[in-house]
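Here the structure comes first, spelled out in structure tokens, and everything after it is commentary.
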Amino acid sequence: MEVILKSNIEKLGAKDEVVNVKPGYARNYLIPRGYAIAANESSKKMLAENLKQRAHKETKILAEAQSLAEKLNSLDLKIGTKASETGKIFGSVNTIQLAEALAKAGHNIDRKSISITEEHIKSLGAYEAKVKLHKEVSALVKFEVVAE
């Protein structure tokens, strides 16, 4: 019996995949628990249409992420902080401050998708951070820590 999986099932298949299983396994386990639906003509057509639409949306999201990555790669930020005369910062610069600086520049990016290449930024100078925009696209943002 052919079924269309609604979720990933180990040792059977991935979501939206058409698999052939024994009829008892499908009727008694997969379908009642909502893991699969029976694969008839109408459900196969619906699956094909859903996959086509999802692929179109994914390409659009990927294109937007790539254009944003190009903008972020050319961006040069300055983060102002209190510092001593020797160039040591009181505290450290983290992803929260970098996300706020990006928001001021017009790019709302979640701080959880930002990773600073240095472990701790505790002195003035130029640094880089990696911003993950999509599972396939990331940008490198250059920023400078300056004294206020």
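Data for the structure
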{"quantity": "Local electrostatic count, Lys88, Cβ distance below 12 Å [Lys/Arg +1, Asp/Glu -1]", "calculated": "+1"}
{"quantity": "Hz values of 3J(HN,Hα) by residue in the range 76-90 - Karplus curve (6.51, -1.76, 1.60), Gly and Pro given as x", "calculated": "10, 9, 10, 10, x, 8, 6, 9, 7, 5, 7, x, 7, 8, 7"}
{"quantity": "Hz values of 3J(HN,Hα) by residue in the range 124-129 - Karplus curve (6.51, -1.76, 1.60), Gly and Pro given as x", "calculated": "6, x, 9, 9, 10, 9"}
{"quantity": "Estimated vicinal HN-Hα couplings, Hz - the range 103-120 in sequence order (Karplus 6.51, -1.76, 1.60; Gly, Pro = x)", "calculated": "5, 5, 7, x, 10, 7, 10, 5, 5, 6, 8, 9, 10, 7, 5, 6, 6, 9"}
{"quantity": "Summed side-chain charge close to Thr59 - residues other than Thr59 whose Cβ falls under 12 Å, Lys, Arg +1, Asp, Glu -1", "calculated": "+1"}
{"quantity": "Rel. contact order, % - alpha carbon contacts under 8 angstrom, at least six apart, the chain", "calculated": "20 percent"}
{"quantity": "Efficiency of FRET from Cβ geometry, Glu136 and Ala14, R₀ 30 Å, rounded to 0.05", "calculated": "0.95"}
{"quantity": "Estimated FRET transfer efficiency when R0 is 25 angstrom, pair Ile37-Ile61 (beta carbons, to 0.05)", "calculated": "0.40"}
{"quantity": "Cα-based helix-to-principal-axis angle, 41-74 vs the chain, degrees rounded to 10", "calculated": "10 degrees"}
{"quantity": "Taking N as its residue count, the alpha carbon Rg of the range 2-63 over 2.2 N^0.38 Å", "calculated": "1.25"}
{"quantity": "Size of the range 1-110 as Cα extents on the principal axes (Å, biggest first)", "calculated": "77, 28, 18"}
{"quantity": "Segment Asn73-Lys45, length gained on full extension (0.36 nm per residue, minus Cα span)", "calculated": "5.9 nm"}
{"quantity": "Most positive-pole-ward Cα, Ser84, Tyr29, Leu72, against dipole of the chain from beta carbon charges", "calculated": "Tyr29"}
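The numbers here are math on the coordinates, done by the rules we state, and not lab data. Owing to the predicted nature of the structure, the values given are computational and were not obtained by experimental measurement. Neighbour counts run over all protein chains shown; Cβ positions are idealised from the backbone, glycine included.
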